[in-house]
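Each remark here refers to the structure printed beneath this line.
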Amino acid sequence: MSKSKIIHLDSLSLQDMMNEDSELIPLMTPEDEALINKEEVPEILPILPLRNTVLFPGVVIPITAGRDKSIQLIKEANKGNKIIGVVAQKNEEVETPTGKDIHTTGVVAQILRVLKMPDGNTTVIIQGKKRFEIENIIQEEPYLKAVVKEAVEEREVDDKKEFRAILDAIKEQALKVIEENPMLPSEASFAIKNIKSDSFLVNFISSNMDLSVAQKQVILEKDNLKERALLTLKNLNKELQKLQLKNDIQSKTRSDLDQQQREYYLNQQLKTIQDELGGVSNDQEIEEMRAKGKTKKWKKEVAETFEKEINRLKRMNPQMAEYGVQRNYLELMLDLPWGIYSEDKFDLKKGQKILDRDHFGLEKVKDRIIEHLAVLKLRGDMKSPIICLYGPPGVGKTSLGKSVAEALGRKYVRMSLGGLRDEAEIRGHRKTYIGAMPGRLIQNLKKAGTSNPVFVLDEIDKLSNSHQGDPSSAMLEVLDPEQNESFYDNYLEVGYDLSKVLFIATANNLGQIPWALRDRMELINVTGYTIEEKIEIAKKYLLPKQLKEHGLTAEHLKLGKAQIEKVVEGYTRESGVRGLEKQIAKVVRFAAKSIALEEEYDISLTNEDIEKILGAARLERDKYENNDVAGVVTGLAWTSVGGDILFIESILSKGKGNLSITGNLGKVMKESSTIAMKYIKANAEVFGIKPEILEKYDVHIHVPEGATPKDGPSAGITMLTSLVSVFTQRKVKNKLAMTGEITLRGKVLPVGGIKEKILAAKRANIKEIILCEENKKDIEEIKASYLKGMKFHYVTEMHQVIDVALTKQKVKNAKKLA
């Protein structure tokens, strides 16, 4: 029976109306019932559908109206005679019920009170009057209206003693239910004892029993009072048996229990109740998980952990939050590809074709992958190497991973590390926390379905530190071939073998990778492309790709070599081809637009057409400045997007030998200029500079494009050459550039980024380059075709740089230095 509250109809309070979870019990007298029976049932009634309850004659209940139609019906009825028809819905999920969605038997109800609740809903206190049957629905908008007739009520009984016995049994059983259920108030017993009306007793008990809407509707539809009373008694007996069974279970298992025993007891109690009520326990699901675990190829310690954890799950109450955490953990263990490996393809020639098909150039990377395939073919099994491809953006580092995966016949997984600052993203959270998850490595292996995919760790140099830990330190175990065969994830809590995974990391700047992490990887430099390579890439890859993406074919647009070269040189300045692809996409969109608008255009575009589409060329080749002014020297620099040339200018003004520097230079370049100045002062006579000149003139060094930050250990010899040039007023050789660092003794030191710098020099049409002797090995690794038409001077001392770089004659209009 449900919780109830006793009231008198003439003293209905605000508190009574707001108590929505209670059944309101009116103390109805036989006289009240007689007055109700004399009332006539209206021929036409507005119908109020109820979702989850059934109203019985004489019973008072609160109704919460939330639907617009219901609210309008109540407002209009409350202004009139306050009489409505109340009928239960067949399906409570129907939001806008029609005549087909409600039962045909209902109860005439009188609105006692209407109250607007704080949550916006309308609460209505109604009292049932008489039963009726719907003959015809005559209106559905704005609310239901129906033609009704009074339902037949058979109250006469043949055997009055038997009927009285049934009513007494109903009272007795109801009082026992109230006694067995501590949730029911004692006032309910008082109310039942004082009910004088036979029909109201049956209706009141039926209304308050813990039955479904369908079961209550069956009772309401019984025309014969005796049959209604018998059905009520039957359901009341069932409810009493359930309560007694529950109390028996509690009394049998009641004892002093510690926390673990208490959990076990509650679980057993729940299982007993489910079995008695015909419910389904979780044992079947747990056994299915156990059976699936037996098919897994995992090590002994993993199998023991799984068995321990699944036994723990079996002891848990499914209603506990920890149950979901434990279940998710076991499902992860079952979903991971323990000992599942895809079969490697050992067709080296086919692998080479795939790599050549997808990527132009990149010989070093391709050779390394073919070497790996060759070893796998000969040995059959080996620890996969950790490869790190580093170089400027847009050169194909990430997309190379897909080609490697296809060449090896493995699954491809990509994980972006850019901006990652939480260590738990790598190692996972401890599963004791609600909402815990494994690290992204384990998650991706689960998605891949194999334990040996090609795993691309994108932007490994962009890992960040925060208060949540250091992800780069967490990667140390992942990327160590000697340790990752038992990688420990905080969530998984058992070692997982990553030694067969082929990790390919990508980075733009090696300097941002911690040295300990860098030491664990095999570094392969993926440098920028020459103009010739970019033209071939655009022709073979980028143009066909963009045509396909824009719904065109080669018959709709043709770009010749000269036009592609025009795009490369005039509209891009990068080491990769990402910007080039964007420009080609603009050209393709021009053709697509022309076709869509049915405009005429030339399929084979000219250079003039390119300028019309892309606008005037914004970028020229890196301009080489060759003038007759002393102190201007061309240097070579490395940037994150490839190589570039820069110019260092020096000028003299009368003063006291001071040195000033501008051009947004970093600490290293400022130190290089200071070293160069000190070296010149110490060796002035060697360079033919009078010492007194150094004391009478101030020197100002400037590196143009002052808004661009510049730093690095590559401009030492360039600055020293610029200073010697301005002090001696000797001209720098035509079309010559240099890169290298110096010491205070005049030694020339090697620098990095040689290939990028050489490509930048070639773009600027420079013919001669001065390098340190130790950089000769870097030049030998560059394709001979890239070096065509260029001459290299390898030096070890600073005086060699001056001898090569400066001409014997002075510049025109040379300053006369006193």
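Quick look at the numbers
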quantity	calculated
Inter-centroid distance (Cα atoms) of the stretch 347-368 relative to the stretch 442-497, Å	27 Å
Mean-position separation - Cα centroids, the stretch 720-738 and the stretch 102-180, in angstrom	108 Å
Rounded to 5, the percent of DSSP beta bridges in the chain classed as antiparallel	55 percent
When the stretch 271-428 is reduced to its Cα atoms, the Kirkwood hydrodynamic radius in Å	20.1 Å
Selection of trypsin sites (Lys or Arg not before Pro), the stretch 397-487, meeting DSSP coil and at most 13 other Cβ within 10 Å	430
Packing rank of 114-120, 48-54, where each peptide gets the mean count of other beta carbons within 10 Å, highest leading	48-54, 114-120
Label-point separation, residue 375 to residue 681 (7 Å along Cα→Cβ), nm	5.5 nm
Most positive-pole-ward Cα, 163, 108, 704, against dipole of the chain from beta carbon charges	704
Options (i) 45, 33, 25; (ii) 77, 36, 30; (iii) 90, 34, 28 - which one matches semi-axes √(5λ) of the Cα gyration tensor in Å as calculated here	(iii)
Percentage, to the nearest whole number, of Cα pairs in the stretch 632-810 over 26 Å apart	24 percent
Listed peptides 752-758, 648-654 by packing density, highest first (mean Cβ within 10 Å)	752-758, 648-654
The stretch 348-525, Cα convex hull volume normalised per residue, Å³	111 Å³
Cβ crowding within 10 Å averaged over residues, with 540-553, 238-251 ranked highest first	540-553, 238-251
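Bear in mind that the values in this text are calculations on the coordinates, not laboratory data. Please read these numbers as outputs of a predicted model, since none were measured by experiment. With ideal geometry, Cβ positions are generated from the backbone for all residues, glycine too; neighbour counts draw on all protein chains shown.
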